[in-house]
Amino acid sequence: MKTMIVQKLGEKSITNYIPASHAEALTFASSVMDGELTAYSTSAPVGNDEATSSFSVTVMIQQDSNNEKTYLNFVLKSTKDELDLFPALQGKTFNGIKADKIVIISFRSNTH
C-alpha cells in the first residue's frame, strides 16, 4: 500500500509517495515534513488495468496573472483526444498554478 502526501509550502505543492498505510504515512509526514500536509490513499482500484492503447501526454499550463507555469505528465484514455484536454484542465489549479493557458507539448500513442 502507498499513501500520497501532498506537502503545500506557500504557493508550491510537492507530492510524495510513502509506502505505508494512510495513518502511518500521515504520522510520519507530520513528524518530519514542513508545511501543510494532506494524505490520500486508495480504498479500492477503479477502472480497468487491461487497456490495449492509450496516449502519453505532456502539457504546460500557465497562469495569466503572473505568467507562472507548471508541467503535467499523464496517460490519457484511448477514447479521448486533444480536444478533451482543454475543458478538463481549463480553470483548474495544479501545483498552485491556475490553468488559464494550456499548451500540449507531447501527445504520443502507446500500445500495451
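Nothing in this text is a laboratory measurement; each read-out follows from the coordinates by a stated rule. All figures in this text were calculated on a predicted structure; none of them were measured in a lab.
As a test of the formula, what do you get for the chain when each DSSP H run with n ≥ 4 contributes -39,500 (n - 2.57) and the sum is divided by the residue count, at 222 nm and rounded to the nearest 500 deg cm²/dmol?
After summing the helix terms and dividing by residue count, I get -5000 deg cm²/dmol.
Mean sequence separation of contacting Cα pairs (under 8 Å, at least six apart), scaled by the length of segment 53-111, corresponds to a relative contact order of 51 percent. For the chain, modelled as a GNM whose springs connect Cα atoms under 10 angstrom apart, the maximal fluctuation among I97, I18, I61 occurs at I18. Among the listed pairs K12/K77; K12/K101; K8/K92; K12/K98; K69/K92, those with a Cα-Cα distance over 21 Å are K12/K77. Note on the chain: GNM, Cα springs under 10 Å; of S54, S41, S31, the largest mean-square fluctuation is that of S31.
Where Rh is the Kirkwood radius over the Cα pairs of segment 53-111, the temperature 10 °C and the viscosity 1.306 mPa s, what D in µm²/s does Stokes-Einstein return?
The calculation lands on 136 µm²/s.
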